[in-house]
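Notes for the one structure printed next.
Taken together, the values in this text are just the output of simple stated rules run on the coordinates, not laboratory data. If you're wondering where the values come from, they're calculated on a predicted model, not measured in any experiment. Using ideal geometry, Cβ is built from the backbone for each residue, glycine included, and neighbour counts are taken over all protein chains shown.
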């Protein structure tokens, strides 16, 4: 190759006290190339990107920027070189305007008023519509991401790092983002695109470097590979599968009726008129982008936030709206929350102690006798969950915080399943979990359904919902759509609904039904 | 240059070593202070920390002073574990003293074995009642329990002051603001003739054991620990927060009330305008120095008691001001908070061997030139 790479990494290594994050990683990004960095969670993608962006320093290895060996000591040094990064989680001040937020984040001192025309110009040039005067709290996640991207573009970067940019976007917003990214590429900007969504990488990227366990497992042209072959490169083995056999659902186990709920979070989403029926032996998926009322709906179902009316949440034939989480669990509810550390598990406590967190309510576990904890029963329960769900850990006495995200998730899901719930609610069950563990968790959920449990899954991953659900509904802007059988809908339709546009469709269909 | 680096997991060794390091740092600073005051540090150190322990009487005094600290500290630790911050143990102690004092004075002259148990019960209830106010306000109106419990301390002081200046003043006491001396039946038995330490000390050891069992084995103790460490997890598991607040306040208030009984039915023998030199506040330090663990509280109480007694002998023998005791207490808490940093962080020296890709001082030329030329 006679063209000079924009960035070349040679033998980059980085170890943390307990783990080797990167081990001799080579990476070569050409000008005007969208280069994917693929890998399971914990493969070392984020550490590598942080080193390029100067937030973390490598233990060994060389970085060559446009033919010159460089050392990047800090993010501001990276920005001076022309490297920009759009983070997965945005650090924006909600009460400030777009221009004010960007002014705060720039290295140079510019007044927000002077910045506004520049923001408009850049956002128009790359098809990222943005009003500089708008306050951030009124913006959707997709719009907030645009603020971050525009902030990077104002510094005319020649390498843009994007860390899982689509994890928070609707399918439609993803397509628009891709158009902008392609325009940037045509202007000669290199893009490092971190993701584990294989279809997106195939649609967008010119080249892919696959990381596995901190090492480069291979470099491929994603367009010449199949999603399957890329996945196998990522996990270094054959891909497990799961299957959903048709099954007739039973009686209604969980019913939401006209549930209105104001959010406790000042920038949260209020729930309006939520109606849903969940039957025994079926899996209903709730699709939607985070921040559209998912947190509020889950709290209303789990009992962490009481509903205004007792009969707006009916659980196994009882009005449960005013019951607390423990009382609902006693009725037969199991719940896996989205946050594992700090909600589903206490980080500093051992797995055994975390088994007690909800296990004390299990009838058969015998963890308590007259208010005294029976350590043996607790440890036995934890050991059973660890074995049954193949949780990789240092035993029942290991602290929850010492487990990887996926393994802790397996433990929490396992704990809730082992308590034999009649209704199971799971939020983002495989979020941040590697493919192998995700398949295990999905299969366990399907097994629950086949055993007659009513299952509600809230997920942002449409593929996952279509893989494992009997019916899918969409939660958008605090309102819930009708639940459609998976066989009667499509990713496209659900994607449209995710922007909140399901009323018209439902009314039209309603009219059709009346006419018929 | 060294820098702090987060440890992958909190260090257990540092968790235990931190109070010892803090105590050592306190001693070093104290020695410097003695030096500046023109005292020989070694002699001052001897007077302060060794001399009190050289006689049986001194050890008796050590245990006597440790008793209210243990009782208050153990109770506070239970609440602190659940993030329920009772700062008003001194007020609860005072109200416990008042309640038991009222019993003692009401049954003055009755020489029956039930007087003392009744005083203990009354003292515990008095402390609980005073602690119930912040608990109620917190659970009903979400008031800050820190502020309410703290402010109630001064109300309790003033209430005691009113009683000993007015209704409970000893008519034959030459107008001194104090009550009649309690009778023998209303006084705690001494552990050994000639020492002042009394039956409240073994009682405090029982409280330590009880608290240890509660924290280690009781489900309520577990619930409170989870609430303190991860409030969202407690909500998720359906643990009731009001219940924790009530348990924390009633336990710590009751134990503080018992400490009050130990004072008025012990060394004081009567109600006085002040029944505590701030044991309830010192117990906050004790609880943290003791790592919120009942057995740790026991050890920390002994150390804190030594600070009180040493401070007194330093006043007498070295003519140091009485503020010296508070100063040492403050130093101890300050150093404890400082050394606690090392439980979660460690110092990472930048040694030259690891400089493959990074030099010692950040903006040397390479990055800079590259940036400027580009």
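What the table shows:
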| read-out | value |
| --- | --- |
| Kirkwood hydrodynamic radius of the stretch B:107-259, Cα pairs, Å | 18.3 |
| Nearest 10 degrees, 0 to 90: helix B:89-106 Cα axis against chain B principal axis | 10 |
| Computed log₁₀ I(q)/I(0) - Debye formula, equal Cα scatterers, no solvent, the stretch B:206-344, q 0.09, 0.21 Å⁻¹ | -0.37, -1.37 |
| Whole-Å semi-axes of the ellipsoid equivalent to chain A (Cα gyration tensor, √5λ, descending) | 40, 29, 22 |
| Per-selection Rg to Rh, the stretch A:341-420 - Cα, Kirkwood hydrodynamic radius | 0.93 |
| Contour excess over end-to-end distance, with Cα ends at residue A:322 and residue A:182 and 0.36 nm allotted per residue | 45.3 nm |
| Reciprocal mean inverse distance between Cα atoms of the stretch B:150-227 - Kirkwood radius, Å | 16.5 |
| Rg over Rh [alpha-carbon atoms, Kirkwood Rh] for the stretch A:47-131 | 1.04 |
| Among B:222, B:106, B:154, residue whose mean-square fluctuation peaks in a GNM of chain B (springs only between Cα atoms under 10 Å) | B:106 |
| D (Stokes-Einstein, µm²/s), Kirkwood Cα radius, the stretch A:222-278, 1.002 mPa s at 20 °C | 130 |
| Chain B: most fluctuating residue of B:220, B:300, B:122 per GNM, C-alpha cutoff 10 Å | B:220 |
| Kirkwood-Stokes translational diffusion coefficient of the stretch B:74-123, alpha-carbon pairs, 37 °C, 0.692 mPa s, µm²/s | 267 |
| Residue with peak Gaussian network fluctuation, chain B [Cα springs, cutoff 10 Å], from B:85, B:293, B:43 | B:43 |
| Calculated FRET value between residue B:6 and residue B:334, using beta carbons and R₀ = 25 Å, to 0.05 | 0.65 |
| Cα point-scatterer Debye curve for the stretch A:92-170, base-10 log of I(q)/I(0) at q = 0.17, 0.25 Å⁻¹ | -0.62, -1.34 |
| Residue order, fewest to most surrounding Cβ atoms within 10 angstrom, among A:457, B:206 | B:206, A:457 |
| Average beta carbon contacts from partner chains per residue of B:236-246, 10 Å cutoff | 5 |
| Footprinting exposure proxy for B:170, A:199 (fewest neighbouring C-beta atoms within 10 Å first) | A:199, B:170 |
| The stretch A:7-235, relative contact order [Cα under 8 Å, separation at least 6], % | 29 |
| Percent of C-alpha pairs per 5 Å bin, the stretch B:54-309, short to long | 1, 7, 14, 18, 19, 16, 11, 7, 4, 2, 1, 0, 0 |
| Square roots of five times the Cα gyration tensor eigenvalues for the stretch B:80-188, Å | 30, 17, 9 |
| Mean shadow area of the stretch B:145-186 over all directions, Cα convex hull, nm² | 4.0 |
| In degrees, nearest ten, helix A:112-125 long axis to first principal axis of chain A (Cα) | 90 |
| Relative exposure of A:477, A:50, judged by other C-beta atoms within 10 Å (fewest first) | A:477, A:50 |
| Residue-averaged beta-carbon neighbours from other chains (10 angstrom radius) around B:209-220 | 2 |
| Ellipsoid equivalent to the stretch A:7-235 - semi-axes via the Cα gyration tensor, in Å | 29, 20, 16 |
| Anisotropy class of the stretch A:180-238 from Cα gyration tensor, a/c 1.5 cut | prolate |
| Rounded to 10°, Cα long-axis angle of helix B:56-81 versus longest principal axis of chain B | 70 |
| Value at 222 nm in deg cm²/dmol, rounded to 500, when DSSP H runs of n ≥ 4 in the protein assembly as shown each add -39,500 (n - 2.57) | -15500 deg cm²/dmol |
| Stokes-Einstein translational diffusion, the protein assembly as shown - Kirkwood Rh over all Cα pairs, 1.002 mPa s, 20 °C, in µm²/s | 68 |
